[in-house]
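The values are calculated or read from the model by the stated rules, or taken from the named source; none is laboratory data. Since this is a predicted model, take the numbers as computed values, not measurements. Here the Cβ positions follow ideal geometry from the backbone for every residue, glycine too, while neighbour counts run over all protein chains shown. These accessible areas exclude ligands, DNA and RNA; they are computed on the full protein's heavy atoms, side chains included. Shrake-Rupley method; radii C 1.70, N 1.55, O 1.52, S 1.80 Å.
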Amino acid sequence: MGRVRVRKVCEVEDREVSQSEIGKGYQLTKDQVIPITDDEPANMPLPTAKAIEIRAFVPLKPIDPIQIGEGYYLQPSGQVAAKPYKLLRQALGRSSKVAIAKYAWSGRERLGLLRVRDDVILLHAMRRPDEISDPTELLPPPVEVSDDEIEGALALMDTMTRDDLNDAEFRDTYTEDLAQIIEAKREDRELPEAPQPEQPAAVLDLMAALNESVA
């Protein structure tokens, strides 16, 4: 029951080192590493090193959602930035476009998407086309799908259509379930059983399953 810790050891001196002794470097060859200080990347002559540089405005619809990553709320830095922030926010809000920008993050220059949400500008990290894998090899073998099967699938979609995702069934209950396990172990009680998914006795015909669901 002992806690396992990760210790950082220098391969040259064979001893544990503190965080203050650790720096960054670029491995030029197998035996040569070029040290890089924290100040050197920060002082590179990049317009995006300390600012978000807007490069274009485009409609949101043509952008493939796979290119859009996690989002971050942006806050203006001081009174000087308040007016351009508000101007950009209102301009984006009135238009049907988003801003494409470049910015520095985690030691590299990245592509980002700016949009408005609840009167705040949101920055989404974007994946460049060369960062997206080609899914061609994952395609299933060629199969025939009839119009009746497609119509049945569309009918099933209509029965499951929602206006929003605010229902309780979409709430994350992982933390609550984990707390129940911890409490049960603390009190030396039997752990709560997880519900078992229903296993069909055999593979059902797709059209029959769709028709039954719609009915």
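Using 7 Å Cα-to-Cβ label points, what is the LEU87/ILE36 separation (nm, one decimal)?
The modelled label-to-label distance comes out at 3.5 nm.
Nearest 10 degrees, 0 to 90: what angle lies between the long axis of helix 147-159 and the longest principal axis of the chain (Cα atoms)?
70 degrees
Looking at the P(r) of the chain, how many percent of alpha-carbon pairs lie beyond 26 Å? Write out the running numbers ahead of the final one.
Working: 15960 of 23005 pairs.
Above the 26 Å cut-off, the chain has 69 percent of its Cα pairs.
How many nm separate the modelled label positions at GLN19 and ASN166, each set 7 Å beyond the Cα in the direction of the Cβ?
4.2 nm
Go through GLN79, LEU139, TYR26 and say which Cα lies farthest out towards the positive end of the charge dipole of the chain; charges sit on Cβ, +1 for Lys and Arg, -1 for Asp and Glu.
GLN79
For the chain, build the charge dipole from Cβ charges (+1 Lys, Arg; -1 Asp, Glu) around the Cα centre, then report which of VAL120, TYR174, PRO41 sits farthest towards its positive end.
PRO41
For the chain, what is the charge dipole size about the Cα centre, in debye to the nearest 20, if Lys and Arg each add +1 at the Cβ and Asp and Glu each add -1 at the Cβ? Provide the component values of the computation, followed by the final result.
Numbers: 27 positive and 40 negative charges, 421 e Å.
That gives a dipole near 2020 debye.
Report the accessible area of TYR73, computed with a 1.4 Å probe over the heavy atoms of all protein chains in place, in Å² rounded to the nearest 10.
140 Å²
When N is the residue count of the stretch 35-123, what does its C-alpha Rg come to as a fraction of 2.2 N^0.38 Å? Don't skip to the end; give the middle numbers.
On the way: Rg = 14.4 Å, N = 89, 2.2 N^0.38 = 12.1 Å.
Computed over Cα atoms of the stretch 35-123, the ratio equals 1.19.
For the stretch 55-117, give the magnitude of the charge dipole about the Cα centre (Cβ charges: +1 Lys/Arg, -1 Asp/Glu; no others), in debye to the nearest 20. It would help to have the intermediate numbers written out before the result.
Working: 12 positive and 3 negative charges, 54 e Å.
Dipole magnitude for the stretch 55-117 comes out near 260 debye.
With a point put 7 Å past each Cα toward its Cβ, work out how far ILE150 is from TYR73 in nm, to one decimal.
Here the answer is 4.4 nm between the modelled labels.
So what is the relative contact order of the stretch 75-183, in percent, for Cα pairs below 8 Å that sit 6 or more residues apart?
Values: 60 pairs, mean separation 14.2, N = 109.
Reported as a whole number, the value is 13 percent.
When we measure straight from the Cα of LYS30, which lysines land under 29 angstrom away, once same-chain ones fewer than 8 places off are left out?
LYS8
Enter the Cα centre distance for the pair the stretch 117-154 and the stretch 63-77, rounded to the nearest angstrom.
Value for the Cα centre distance between the two parts: 19 Å.
With r as the distance between the Cβ atoms of GLU190 and GLU131 and R0 = 41 Å, compute the FRET efficiency 1/(1 + (r/R0)^6) and round to 0.05.
Values: r = 47 Å, r/R0 = 1.16.
According to the calculation, E is roughly 0.30.
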